[in-house]
Amino acid sequence: MPDRRAPLIFDGHNDVLLKLSITGGRTAVAGFVSGRDGHIDVPRAKAGGFGGGFFAMFVRSPIDIDNKTEQMTQPEYDLPLPEAITQTQALPVVLEQAALLLQMEETGSLKICRNVADIEDAFEQGRIAAIMHMEGAEAIDPDFHTLDVLYAAGLRSIGPVWSRPTIFGEGVPFRFPSTGDIGGGLTDAGKALVKRCNEKGILIDLSHLNEKGFWDVAELSKAPLVATHSNAYAICPHARNLTDKQLEAIAKSDGMVGLNFASAFLREDGQMDSGFPIETMLKHLDHLIGILGEDCVGLGSDFDGALIPDVIGDVAGLANLVTAMRAHGYSDKLITKLAHENWLRVLAITWGESSK
């Protein structure tokens, strides 16, 4: 039974749309409602207290998964960046995944949220609150026609890159140990994207962006800095994680970091191995809270897109994390902030519904 004291969890990142698209597309949506293989479906969401989160539209690169997994079990590794993907390749995939999210809304189990009031309404109605998010902006043209259309469909968050270059900037490879200080910053198109997202109230996700791109966004953006699914480099020195200097900049902007559940970004040894204690996750949370404060940290699981710790397993295991937080000494007030209040606060600012 779920802990009735536990607040609903709003989560910074999942890849369920990708998994549905490769396991049947529209025919797979029924499984999301009734139960499916993978990390998230409606029955397990209710069991784990999952109230919703960022649903990513993502275009895969061709990767040898077995080779990637083998390399990421070595003491050190450096996987090359995948090649860039053109808009012509990306746009049909993104439109398919956007259509899947619309179909999920039609089932009545989920609501696409365009403002914080929508999220709160979904919580009240017992529906999953979904933010339409784009991970990697390959489908966006430099004139932003696609951005405008997707915004009308519900897009409210975008990551300029995944771990491969786009016309907007460069991502970081899966490299350990390594900082994210790899490659160049935002292109002119990337700087224009930041400005356009600020104008429309679209959240700019810094996860996957390299350090130079991060600092370009920090200099240009008028919105809080947000990394939807990233961890502390001080604990796990992976290229995907954020240095204390980056965390301090996010704190200064009154932004957010969502704790990524991906095993390789949590473990101090950077290994893709899910057999480790939940205390490792708490160590990252302690570090993030120590720099960002209690109002700027949340969760960003990467469900359906990563190897999740065994102690969590899937979305039903969120209840285990809440229990561990409480045993660790986190107050009910802090747990509620981490669960969803901090996300709603930063979204309200980003989307122009409240001021700092």
Given the criteria under 18 Å from residue 13 (Cβ atoms) and of a type outside the set (D, E, K, R), does residue 147 qualify?
no
Checking residue 323 against (1) polar (S, T, N, Q); (2) closer than 19 Å to residue 257 by Cα; (3) surrounded by fewer than 21 Cβ atoms within 10 Å (Cβ to Cβ), which test does it fail?
(2)
Filtered residue count, region 197-212, keeping only those that are farther than 19 Å from residue 141 by Cα, crowded, with 23+ Cβ neighbours inside 10 Å and not hydroxyl-bearing (Ser, Thr, Tyr):
3
Of all residues in region 204-245, how many are touching a Phe, Trp or Tyr at 6+ places or on another chain (Cβ under 7 Å), closer than 14 Å to residue 297 by Cα and either of a type in the set (Phe, Trp, Tyr) or free of Cβ contacts under 8 Å to residues at least 60 places away in the same chain (or both)?
1
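Table: residues versus (1) at pLDDT below 95; (2) more than 25 Å from residue 20 (Cβ to Cβ); (3) not aliphatic (A, V, I, L, M).
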| residue | (1), (2), (3) |
| --- | --- |
| 309 | no, no, yes |
| 312 | no, no, no |
| 316 | no, no, no |
| 321 | no, no, no |
| 326 | no, yes, yes |
| 335 | no, yes, no |
| 344 | no, yes, no |
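Which of the following residues is at pLDDT 95 or above and part of a loop (DSSP other than H, G, I, E, B): 190, 213, 258, 185? Explain how you work it out, then say what you get.
Values: 190 fails: part of a loop (DSSP other than H, G, I, E, B); 213 fails: part of a loop (DSSP other than H, G, I, E, B); 258 fails: part of a loop (DSSP other than H, G, I, E, B).
So the residue among 190, 213, 258, 185 that is at pLDDT 95 or above and part of a loop (DSSP other than H, G, I, E, B) is 185.
Output the helices (runs of 4 or more DSSP H) that fall wholly within region 38-132 and possess 3 or more residues being of a type in the set (Phe, Trp, Tyr), at negative phi and touching a Gly at 6+ places or on another chain (Cβ under 6 Å), or say none.
Details: elements: 42-48, 65-71, 87-106, 116-125.
By residue number, no helices (runs of 4 or more DSSP H) qualify.
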What are the pairs, 6+ residues apart or on separate chains, where a residue within region 163-189 that is among the aliphatic types (A, V, I, L, M) has its Cβ under 9 Å from a residue that is part of a strand (DSSP E or B) and buried (at least 20 other Cβ atoms within 10 Å of the Cβ)?
172/209; 182/171; 182/175; 186/209
Output the residue which, of all residues in region 222-236 that are under 19 Å from the mean Cα position of the chain (by Cα) and among the small types (Gly, Ala, Ser), is nearest to residue 142 (Cα to Cα).
223
Only one residue in 282, 318, 259 is of a type outside the set (Asp, Glu) and over 29 Å from residue 66 (Cα atoms). Which one?
282
Listed by first then second residue, the pairs whose first member lies in region 278-300 and is farther than 15 Å from residue 237 by Cα, whose partner is of a type in the set (Asp, Glu) and assigned to a helix (DSSP H, G or I), with beta carbons under 7 Å and at least 6 positions apart or on separate chains, are 291/244; 291/248
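What residue, of 304, 314, 254, is within 17 Å of the chain's Cα centre (by Cα) and on the phi > 0 side of the Ramachandran plot? Lay out the reasoning, then the answer.
On the way: 314 fails: on the phi > 0 side of the Ramachandran plot; 254 fails: within 17 Å of the chain's Cα centre (by Cα).
Selected residue: 304, the only one of 304, 314, 254 that is within 17 Å of the chain's Cα centre (by Cα) and on the phi > 0 side of the Ramachandran plot.
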Enumeration of residues in region 170-196 that are under 7 Å from residue 210 (Cα atoms), surrounded by fewer than 21 Cβ atoms within 10 Å (Cβ to Cβ) and aliphatic (A, V, I, L, M)
182
Residue check, residue 266 crowded, with 19+ Cβ neighbours inside 10 Å, in contact (Cβ under 8 Å) with a residue 24 or more places away in the chain, over 26 Å from residue 37 (Cα atoms) and in contact with a helix residue (DSSP H, G or I) (Cβ under 9 Å, 6 or more places away or on another chain)
no
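The rows are residues; the columns are (1) surrounded by fewer than 22 Cβ atoms within 10 Å (Cβ to Cβ); (2) under 26 Å from residue 119 (Cα atoms).
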| residue | (1), (2) |
| --- | --- |
| 13 | no, yes |
| 16 | no, yes |
| 34 | yes, yes |
| 49 | yes, yes |
| 52 | no, yes |
| 60 | yes, no |
| 71 | yes, no |
Scan region 5-19 and tell me whether some residue there is at pLDDT below 95 and over 23 Å from residue 150 (Cβ atoms).
yes
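The values are calculated or read from the model by the stated rules, or taken from the named source; none is laboratory data. Note that the structure is predicted; figures quoted are calculated from it, not measured. Glycine gets a Cβ as well: all are built from the backbone with ideal geometry, and neighbour counts include every protein chain shown.
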